[in-house]
Structures are given as structure tokens and as C-alpha cells.
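The values are calculated or read from the model by the stated rules, or taken from the named source; none is laboratory data. Fair warning: this is a prediction, and the values are worked out from it, not measured in the lab. Heads up, the Cβs are rebuilt from the backbone with ideal geometry, glycines too, and the neighbour counts pull from every protein chain shown. For accessibility, only protein heavy atoms count, side chains too; no ligands or nucleic acids. Shrake-Rupley method; radii C 1.70, N 1.55, O 1.52, S 1.80 Å.
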Amino acid sequence: MSASGTIYEFGDVVLVPFPFSSDPRESKQRPGVIISNSTYNIGTSDLIIAGVTSVLTNTGFSIPVAQIDMERGMMPAKSLIKYGNIYTLRKDLVVKSIGRINANKRAELIKALSSLFNGT
């Protein structure tokens, strides 16, 4: 749980400063998908996220995501979840939660991450 009382879950889409900095003058806000599980998210002060980009030219180690893939919230443009771009950041750096990908997209992301780490 964060200081604000928010409990983050795998598949939540959050807005974070990038690069990760507490100084807003040094960063831009970017979306990311939480890929850490609830046990990790509750038990630590960190989250593990995969970057999200609306630049659709580099599709390696990424899966497409669009508004139709959202369980709640908004994905303002067709985007890619870049599961090869993984970051750990403090929960207090999350600007806000902007949505959650649906169960089918979460399953696709789990499969992609498993392939990334298991080589299958």
C-alpha cells in the first residue's frame, strides 16, 4: 500500500515521471504497466513496471495495447507495452493510476514476460 492508501496490482497502468526523479523539472510524465505481483507491491516500497509508448515503430519485446484492452480507465492512443523495458521505482513517485489492462491482455503480458525470462 502506498502512503495514499492505494494498493497497486499487476496490470494497473500508472503515470510516472521519466526519468524517475522527484524533481518535476527534470522529467516528463509517462505511462507504465505494473508487472510486479500484489505480494511484492504490498510488502515493499517499490513497484516494478514495464514502459508504455505510443511510438509504434519498434515492436520488439513489446505487445500492443489499445482502449479495447482496458478493463478500466483510458489508453488515449494505440500503444505498446515494452516488456523488455523494465523499471523499479518507489511507489511515492507514481503520479496517479490511469487504468488497468483487461484479463486477456494481462495473460498475454504474463506469457511475454515468461518468455523473456525463461527463454521459451
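If residue 76 satisfies all but one of (1) open to solvent by 50 Å² or more (accessible area, probe 1.4 Å); (2) free of Cβ contacts under 8 Å to residues at least 40 places away in the same chain; (3) under 22 Å from residue 7 (Cβ atoms), what's the number of the condition it fails?
The one condition residue 76 does not meet is (3).
Being in contact with a Gly (Cβ under 8 Å, 6 or more places away or on another chain) and open to solvent by less than 30 Å² (accessible area, probe 1.4 Å) is true for just one of 33, 94. Which residue is that?
33
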